[in-house]
Amino acid sequence: MQTALERVAQQKLADLERRHLVRAPLVTAPAGGAWVEREGRRLLSFSSNDYLGLTRHPAVRAAAIGAIERYGTGAGASPLVTGYHPLAERLELELARFLGCEGACLFGAGYLANLGTIGAIVAGEDAIFIDRLAHASIWNGARLSGAHVEAFEHNDLEDLALRLRERRGGVRYALVLTEGVFSMDGDIAPLPELAELAARYDAWVLVDDAHGLGTRGGGAGSTHAFAAPLALDVHVGTLSKALGSYGGFACGSRALVALLRNRARSFIYSTAPPPSAVAAALAALQIVADQPELAGVPHARARSFARATGLPEPASHIVPLVIGAADAALAVSAQLEARGILVTAIRPPSVPEGTARLRCSFTASHTEDDVALLAVAIRELGLVAR
Ligand SMILES: Cc1ncc(COP(=O)(O)O)c(C=O)c1O
């Protein structure tokens, strides 16, 4: 007998199926460089956020193994109980120093950092102004905070100014939320102008630079990619992309970090990240800091791809090929896969309705030959003018 929940689950899935939006994770094994193995086939992947290939770097792996041997596999408790191990303290210090902040607070994931940080800063009497295309975790942090949430048009300073002008007088605090490098579009936020605008309205700025750390500003990310380093109020990031590990963080002033440790629920009520993940991130951060030239490689590969396909100069290492309908994006992704190339189709709700796409992500693991292979396939499939 089918239970009521099973029936509802099936109805919901049938609805997703009708709209070509069903998803299921496929077992994918890293197979060296930018290659993966899936269902017995080797595929050249352009769908990884391991932007610098550090997940397999010998020093990063050795650090993780060493931490397991010394401290065991798990942190064993939340940070405020006994989970704050020596490596966590070191990583916080190193992250803060590298990003030019007074302090940092480690979370279990970048998602958790956004969930906890935003609600620790603003509440019901306050207003949040969020870029329409901000990541789901930023949106969820905003909604959870209880503050009034208002979306401004993507990277549109005029729209933001209009909303700040209308709303700022009626609320206690105001917080502007954006990304350094937009995860699904690859474009970049005009951070200096945005910070100036926010300051004019006595609003704070939180930037989530999940995709900028290690790939812009000589590795230090989007706040270091403009004429002068920017000191924004809150800087959220992840250990899981260019740093090749797992975990997240928020950086800012000493007072902000102390507040997060007391008020960010996803920090307080969740087990601290495992020593191995923290050690791996520490080793990766050292590589990023020691080799600033590495940060430019993913973007250079994206530029080669754009040149070979006649696409406009990309703003970052993430290049979206917007297809439109979800089923069309799936079909193109399948055609590429038949040629041995993996570019996962990104569909709503990860991107707005009608903008399903191939999100091509370039990394330091790609060779110029790899990029050429993708460019030829994209041209032959008619996705760009030949
Ligand atoms: C902009 C942005 N913020 C946060 C996250 C979440 O970070 P994590 O994977 O560490 O949870 C992601 C992607 O995963 C992201 O793209």
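Within the range 101-130, restricting attention to residues that are out of contact with any Leu (no Cβ under 9 Å at 6 or more places or on another chain) and surrounded by fewer than 20 Cβ atoms within 10 Å (Cβ to Cβ), the residue that is farthest from Ala147 (Cα to Cα) is Glu125.
State whether one or more residues within the range 40-58 are within 25 Å of the chain's Cα centre (by Cα) and more than 30 Å from Pro320 (Cβ to Cβ).
First pass over the range 40-58, keeping only residues within 25 Å of the chain's Cα centre (by Cα): 43-58.
With the extra rule that they be more than 30 Å from Pro320 (Cβ to Cβ), the set shrinks to 58.
Yes, the range 40-58 has at least one match.
Mind telling me which of the residues Thr178, Thr117 ends up being within 19 Å of Ala264 (Cβ to Cβ) and polar (S, T, N, Q)?
Thr117
When the range 70-87 is filtered for residues that are among the hydrophobic types (A, V, I, L, M, F, W, C) and either assigned to a loop (DSSP other than H, G, I, E, B) or surrounded by fewer than 23 Cβ atoms within 10 Å (Cβ to Cβ) (or both), the ones remaining, listed by number, are Ala75, Ala77, Leu80, Val81. So, Thr3, is that one among the polar types (S, T, N, Q), surrounded by fewer than 11 Cβ atoms within 10 Å (Cβ to Cβ) and in contact (Cβ under 8 Å) with a residue 40 or more places away in the chain or not? In short, no.
Looking for whichever is farther than 15 Å from Thr344 by Cβ, small (Gly, Ala, Ser) and surrounded by 13 or more Cβ atoms within 10 Å (Cβ to Cβ) here; the options are Gly33, Gly40. Which one fits?
On the way: Gly40 fails: surrounded by 13 or more Cβ atoms within 10 Å (Cβ to Cβ).
When all the criteria are applied, what remains is Gly33.
Within the range 329-377, being over 20 Å from Tyr51 (Cβ atoms), assigned to a loop (DSSP other than H, G, I, E, B) and either open to solvent by 20 Å² or more (accessible area, probe 1.4 Å) or free of Cβ contacts under 8 Å to residues at least 60 places away in the same chain (or both) holds for Arg339, Arg347, Pro349, Pro352, Glu353, Gly354, Thr355.
Condition check ((1) surrounded by fewer than 15 Cβ atoms within 10 Å (Cβ to Cβ); (2) charged (D, E, K, R); (3) at pLDDT below 95; (4) more than 16 Å from the ligand (Cβ to nearest atom)) across all residues:
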position: Asp159; (1), (2), (3), (4): no, yes, no, yes
position: Leu162; (1), (2), (3), (4): yes, no, no, yes
position: Arg165; (1), (2), (3), (4): yes, yes, no, yes
position: Ala174; (1), (2), (3), (4): no, no, no, yes
position: Glu179; (1), (2), (3), (4): no, yes, no, no
position: Ala189; (1), (2), (3), (4): no, no, no, no
position: Ala195; (1), (2), (3), (4): no, no, no, yes
position: Ala198; (1), (2), (3), (4): no, no, no, yes
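Counting only helices (runs of 4 or more DSSP H) that sit completely within the range 239-328, those holding 3 or more residues that are open to solvent by less than 20 Å² (accessible area, probe 1.4 Å) and away from the ligand (no atom under 15 Å from the Cβ) correspond to 275-290, 296-309.
When each of Ala62, Ala67 is tested for being open to solvent by 50 Å² or more (accessible area, probe 1.4 Å), assigned to a helix (DSSP H, G or I), among the small types (Gly, Ala, Ser) and within 29 Å of Gln291 (Cα to Cα), the lone residue that passes is Ala62.
Residues that are within 14 Å of the ligand (Cβ to nearest atom) and in contact (Cβ under 8 Å) with a residue 24 or more places away in the chain: does the range 120-127 have at least one? Looking through the range 120-127, none of the residues is within 14 Å of the ligand (Cβ to nearest atom) and in contact (Cβ under 8 Å) with a residue 24 or more places away in the chain. Does Arg143 fit the bill of being of a type in the set (D, E, K, R), away from the ligand (no atom under 16 Å from the Cβ) and more than 26 Å from Ser316 (Cβ to Cβ)? Here the answer is no, as Arg143 does not meet what is asked. Using beta carbons and a limit of 8 Å, which pairs, at least six apart or on different chains, have the first residue in the range 135-152 and among the basic types (Lys, Arg) and open to solvent by 50 Å² or more (accessible area, probe 1.4 Å) and the second one at pLDDT below 95 and away from the ligand (no atom under 15 Å from the Cβ)? Within 8 Å, no pair qualifies.
The values are calculated or read from the model by the stated rules, or taken from the named source; none is laboratory data. Nothing here was measured: the structure is a model prediction, and the numbers come from that model. Using ideal geometry, Cβ is built from the backbone for each residue, glycine included, and neighbour counts are taken over all protein chains shown. Only protein heavy atoms, including side chains, enter the accessible area calculation; ligands, DNA and RNA are left aside. Shrake-Rupley method; radii C 1.70, N 1.55, O 1.52, S 1.80 Å.
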